[in-house]
Structure formats: C-alpha cells, structure tokens
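To start, the structure itself, in structure tokens.
The values are calculated or read from the model by the stated rules, or taken from the named source; none is laboratory data. Everything quoted here is computed from the prediction, not taken from an experiment. All Cβ positions, even for glycine, are placed from backbone atoms using ideal geometry, and neighbour counts span all protein chains on display.
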Amino acid sequence: MFLIKKSDVLKIAEELGKEYQLYGPFVEKTSGQTFFDKVGSASEINLGAPIPSAPPKQSVFPQMERILSYKYDSAKKSVEVKPDFTVTPKALFGLRSCDLNGLLCLDRFFLGQEFVDEVYRNHRRGMFIVTNSCTTPFKQCLCVCMDSGPFAKEGYDLNLTDLGDEYLVEAGSDKGKMLAEKMGLKAAADAHMKQKSEKLDKAITLFEPVAVDNKAWISRVINRVTTGFAKEEVWEYVGDQCFECGACTFVCPSCSCFNVVDVNDTACAGCTDRLRSWDSCAYEGYARMAGGHNPRKPVEDRRNKRFFCKLSYSQSKKYLRPGCVGCGRCQWVCPGDIGIPNVVTYVRREITKQG
Amino acid sequence: MSEGMINGKIVTIPEVATIEEIKDEIREVKTFYLNFDKKEIKDNLKIKSGQFIMCTIFGAGEFAVSLPPSPENDRFHITVRSVGKVTRALHALKPGDKVGIRGPFGNGFPFAELKGKNIVYVAGGIGLIPLRSSIMHVLQHKEDFGDVYVLLGARTPDDHMYKENLKEWQGGVPGFKCFLSVDVETPGWKGEVGFVHTLLDKANIPIENTVAFVCGPPVMFNTVIGELMKRGLSDENIYSTLERHMKCGIGKCQHCMVGRTLVCTDGPVYTFRQIKTLGEQI
Ligand SMILES: Cc1cc2nc3c(=O)[nH]c(=O)nc-3n(C[C@H](O)[C@H](O)[C@H](O)COP(=O)(O)OP(=O)(O)OC[C@H]3O[C@@H](n4cnc5c(N)ncnc54)[C@H](O)[C@@H]3O)c2cc1C
Ligand code: SF4
Ligand code: SF4
Ligand code: SF4
Ligand code: FES
C-alpha cells in the first residue's frame, strides 16, 4: 500500500507512458463526451471524467482488425500466409471496476476453454492495469448488483482510491508493487485502509438506490433465466421492443461476438487481408446460413439471445458470474428500452405475477 | 509443429494444401482431393468421423466443410456444393491450385459407445457427405458392429452422391445393406420412388439395440426423426450433425451458437435428445 499526492497522481501514468502504449479516460472538447482510448501524453487523462460512453474493450478487441494476411500468386501457384499478431504492450490507466470486470469476462471467454484466441492474447499480453475506485454513481450504474463494483477486487496491477488530498495506491501484482517502489511512493498506514473501507461503505449506500433492481432480484432473475423458467412471453415482448440496431452489444464491455471477412487489397495483386470485426446477435444476418436458411429468423428468437447470453449461457453457466457487469450502457443506448435493468424488471414482474 | 497448432489442430493460421484431383459428383457438387504441402502436417493430422474443417479459398474467403474421408487409410478430400461466393470460387479452381485448411474441429461420432449396435444411416441429398466418413469406418470395422443400413434419398437418380461407394455398399457385404430412393418417377429408374423415410419400411430396419444417424435438409430431418420415433427408436439413439454459420471454428465468434452450445466445439454431432433441449429451430 502506498500514497501519492493528488496533484501527482498522473505521474504514475507518465511513468507507464515510457514503456507502454498509454490508454486513459479523457473528455473530448467538442462533444463533451468521455472516451477511454489511446492518449498522446499522461496530461490528457482526466480521472474525474464521467463514465466513458464506450468501454475500453477496443484495447484488447478492436472494432476491426487484421488478423492475417496472405499473398496468392495464381500463376506460380504459390501462397504466403502471414499471421499478424504483434502489438505494443498497453497500460490502461484509470479504469473503472465495472470495465475491469468486463475485461475479465473477455479474458475468461477468449483465453479459456479448449482453445486460446491468439489474437486476443497478444493484445492482452504484458498489459498494465490501473483501476480507479468509483465513489459517485451515475444514473444507470448497477455494478453493485452484479458484484463488479464500485471498487475493484482483483485483476489490477495498481488500484487508486481518492482519499481527499491523496490517493491510496494498492498493488495487486508484483509488477504494480515494483512500479510504486521504483517511483519512491510513500508507504500507507492501516488508517488509510480504514479510510478506504469507510469510503466503500458510503459509496455502496449511494449506489444501491440508483441500481434499478437490488441484488436479490437480479440473482433470482438470473436463476430463472438459467433454469429456463422465464416465460416465452417475456422474450416475445423483448423481441417486439428491439430495433435490431446492435448498439447494446457494441457498448457492452463483455460482448465478444465477431465476424470474419477476407478483403482483397486493390493496390497489390493477390494480396488479401483477413479482418475481424464486432458483430451482434441482434442482426438478422447473424445466424443466416448459405442458401438463405435462417434458424433464428423471428426477431424474438434472436433478441432473447442477448439476455440468455448475459444472464445464463455464456458466463453464468460456464464461469459462474453473470455476463453483465452492470455498467448500464445498454440502458443508455437502447432506443427500445430493453437494457439489462429493464429486462430484469420484466422477468421480475413475471415472477411476481406467478406469485 | 506448425506455429498455429494447438492439440494437434490447425487453429488460427491456415495450412496450405494443393488440389490433386477434382471429381464431379452430382449437379453443383464436386469432390476435391487435397494434399498438405507440409509433410509433417499430413503425417500428424488425425481426423474423427463427424468432424469438419475450415477451408480458405485464397482471395475469396473461408467456409466450413465436413470431412468425408474415413479416419483410416483414405485420401484426404472434401465434397462441396457450389452455393455462394466462396464455394463458387472453389469450384472454379483446377488441380495444382492451393487452398488453406484449419482444423479438424468438432466432437465427432461416439464410436466407442456404439460397439455391437445396429446402425441405420439416413441421408437426404448431400446429407451423405458428413455421414460418409462414419460409414467407411464402420465398413472397415464390420466385426465391431451389428447390422448396418444406409438409406439415401435424392430428387432424381442423378442426385445420388458418391456413386462408386454406393455400388460397393450395395454389392453384398454381409450385414451391410444400402437402399436408394428418388422423390419422383424418373425414366430408367427401377428402384424405390418416394421420400427417403419410405425406405425405413422397405429396409425393415431393426429397432432393438439400434442407433440412427440422420442428415439432410430440415424438412427431411424432421420427417425422418418422426418416423424413427414412431417405430420406437428413442431420442438418445438418434444422432445428427448440425450445420451452422461458422467463422472461427474454435468457440470464439459465437456465430454457431445453438441454445447454450456452440456447434463448432460442442457439436457438430448431437443426439436428438440434445437437439430437443437446445430450444431452437433446426
Ligand atoms: C459443420 C458444417 C459442415 C458443412 N459441410 C459441408 C459439406 O460437406 N459440403 C458442403 O457443400 N457444404 C457444407 N457446409 C455448408 C458450407 O459451409 C456452406 O455452404 C458455405 O459456407 C457457403 O459459403 P459460400 O461463401 O459459398 O456462400 P455465401 O455466398 O457466403 O453464402 C450464401 C449465403 O449464406 C450466408 N453466409 C455467409 N457466410 C456464411 C458462412 N460462413 N456459413 C454459412 N452461410 C454463410 C450469406 O448470408 C449468404 O446469404 C457445412 C457447414 C457446416 C457448418
Ligand atoms: S451473443 Fe449477443 S449478447 Fe452474447 S456476446 Fe454475442 S453479441 Fe453479445
Ligand atoms: S449488459 Fe448492459 S449493463 Fe451489462 S455490462 Fe453489458 S452494457 Fe453494461
Ligand atoms: S440497443 Fe436495444 S434496440 Fe438496439 S439491438 Fe440492443 S436491445 Fe435492440
Ligand atoms: S464457429 Fe465461431 S464459435 Fe463456432
């Protein structure tokens, strides 16, 4: 445990910027929106900025990226296949706990199971993560329901907590500890930890009323969905409300679906790039097969997928944690009013009706 | 071993293979015999009946395709119907041209559990492609199984796949029977006329100690399964391979999600009991 003066906190980012490609939250002047992205220098980072509209997902899983290229010479019948997996190590500075948990969901998914996703692994390899404890909730935050905030518990190298004039700097890894020591940070005392836990207790009391549904309801709903007892009508209703815009999946820190296409390079004969890009289970073409057969054509057959995915299939059943980390973004962006909190409410109402 | 290989599978970086020979099967369907350019790949690749590979046509894209060769001493090949952009590009290739291969992926048929059982294969049209590997395997290990039936239905006699194999299978291997049907009367066809499930009676298939493998278009699949169950075959003894839109083959893109399973890693072979619980159209 260490301490750093509030006015010096960006020095940590500066230090990281020497070795890593630096990412952090900043407020764009023209739009007034927060982004979490690459920054040119540590001074651009704004730790107090509101939650970024998009999660830091693109640092490990870019919206579109080349995963392979090849050159085929059809006359000589020769082909050269080149994987494209090299990336500079990145440092994420000032990540919120919900977004860190989104990253951990992606880790379990891309690095776990039978196969490792090599493209993802190469983005994630050597990454340095600095989280920042949240003390004030925004309108749609429900991290407290999903056990993913407001303070990070694991998966960071350093965690910052604002204690007033100073930040408490906790090391979560040897890498983090070494950096703090190298920078000569002052050691913190037990009193500072106590101050942190008081902050946490206070934060939770602020977050809980904001969260659309309390913890007990969320876990009951997850249980319902996971055991297949949520009624068809709920999914039909959800399907009817959906505009199939895909926004909810693109802003979700834990959505991982992608499409792959081979694109020919017009400037180089025989050169092709294999690109992967985000995809969404909301789209009609998502499951369509050759010949036009679509096993998931009706909108409700498709749209409920997202909620099965988040609350049951992918994360809950395989990794014992919901696929939702409670960032609330899908609720902000959904024109059909079917973000996670509302869907939880619909399933909950149905439970209430059934008594 | 090759850079992109995990657990004996070519995972992300396709390995190059040369087309050695191309054979016309039926209308729009050709078989491509392939040879890996790297000998180490050829020597180490182990396939299981029921698995599939992802095949890259350079400059056009990648698609999923079943493996029809038997796991033992068979030439490596794929049989493909030209339906769209990538498969059309494959059909335009000539011997000597190169393709890329990843895989093999998927679970395969559970032969260990099938010892001593009768096996009924029911295929509609090109549904025979994913079943061929298993049929060849069973033929080579006839002593391990009971009676074996292959029932194949197609629109016309010209649509019967793998003609040479069919001749062989109809040629009187003891305990191995093969029946063919066509959908409509065709001049010169003296065999059975009617959809493939009519062959179930004609062949007088056994029900006790029997498993069935069914593969074909969705309508055929549903009718055949209904008929099999009417005759008393239980849903856990009916197998099929599911086809889905696929991109990665390794459980990451999630395009092939059916219910809570991914066809590329949990399938493509499922029992009908599993299929019923997936809660999705087939
Ligand atoms: C496990 C498995 C085994 C298969 N085995 C065989 C086989 O042995 N022989 C055989 O002939 N076919 C087989 N198929 C089907 C084969 O993969 C498709 O016919 C092929 O993907 C069509 O590709 P295309 O580019 O020619 O068509 P496209 O031009 O891409 O497709 C036509 C339509 O299909 C949709 N589509 C786009 N991408 C895909 C995709 N990757 N997969 C499916 N549909 C898509 C498009 O929306 C378009 O409308 C198998 C499929 C699977 C999943
Ligand atoms: S299936 Fe839908 S909800 Fe699940 S990860 Fe993919 S896009 Fe997101
Ligand atoms: S489902 Fe919605 S609230 Fe949950 S993590 Fe995704 S975007 Fe955030
Ligand atoms: S944001 Fe809302 S309307 Fe758009 S795809 Fe998601 S659920 Fe449907
Ligand atoms: S093909 Fe990508 S998950 Fe199955």
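Looking for whichever is more than 16 Å from ligand 2 (Cβ to nearest atom) and within 13 Å of chain A (Cβ to nearest Cβ) here; the options are B:Val214, B:Val269, B:Val219. Which one fits?
After applying the criteria, what remains is B:Val219.
Only one residue in B:Val80, B:Val99, B:Val65 is within 10 Å of chain A (Cβ to nearest Cβ) and either assigned to a strand (DSSP E or B) or surrounded by fewer than 20 Cβ atoms within 10 Å (Cβ to Cβ) (or both). Which one?
B:Val99
Restricting to region B:249-280, give me the number of residues that are of a type outside the set (Lys, Arg) and free of Cβ contacts under 8 Å to residues at least 24 places away in the same chain.
15
On the basis of being away from chain A (no Cβ under 14 Å) and either away from ligand 5 (no atom under 16 Å from the Cβ) or closer than 30 Å to B:Asn237 by Cβ (or both), does B:Leu93 make the cut?
no
Kindly state which helices (runs of 4 or more DSSP H) lie completely within region A:281-355 and contain at least 1 residues that are farther than 24 Å from A:Leu104 by Cα and either at pLDDT below 75 or within 16 Å of ligand 2 (Cβ to nearest atom) (or both).
A:299-311, A:340-354
Give the number of residues within region A:24-59 that are within 16 Å of ligand 3 (Cβ to nearest atom), surrounded by 21 or more Cβ atoms within 10 Å (Cβ to Cβ) and within 30 Å of B:Thr56 (Cα to Cα).
So the count comes out to 1.
Right, B:Leu45: modelled with pLDDT of 95 or more, farther than 28 Å from A:Cys268 by Cβ and more than 14 Å from chain A (Cβ to nearest Cβ) or not?
So B:Leu45 does not fit the description; no.
Would you point out the residue of region B:251-282, among those that are touching a strand residue (DSSP E or B) at 6+ places or on another chain (Cβ under 6 Å) and in a loop (DSSP other than H, G, I, E, B), that is nearest to ligand 3 (Cβ to nearest atom)?
Here the answer is B:Cys253.
So, of the residues in region A:235-263 that are within 14 Å of chain B (Cβ to nearest Cβ) and within 16 Å of ligand 1 (Cβ to nearest atom), which turns out to be surrounded by the most Cβ atoms within 10 Å (Cβ to Cβ)?
This residue is A:Phe258.
Mind checking which helices (runs of 4 or more DSSP H) fall wholly inside region B:135-230 and carry at least 1 residues that are polar (S, T, N, Q) and under 20 Å from the mean Cα position of the chain (by Cα)?
B:163-170, B:218-230
Just give me the residues in region A:65-105 being within 14 Å of chain B (Cβ to nearest Cβ), free of Cβ contacts under 8 Å to residues at least 60 places away in the same chain and aliphatic (A, V, I, L, M), in sequence order.
Hits for region A:65-105 are A:Ala75, A:Val79, A:Val81.
Which one of these does B:Val184 not meet: (1) at pLDDT 95 or above; (2) surrounded by fewer than 14 Cβ atoms within 10 Å (Cβ to Cβ); (3) among the hydrophobic types (A, V, I, L, M, F, W, C)?
The one condition B:Val184 does not meet is (1).
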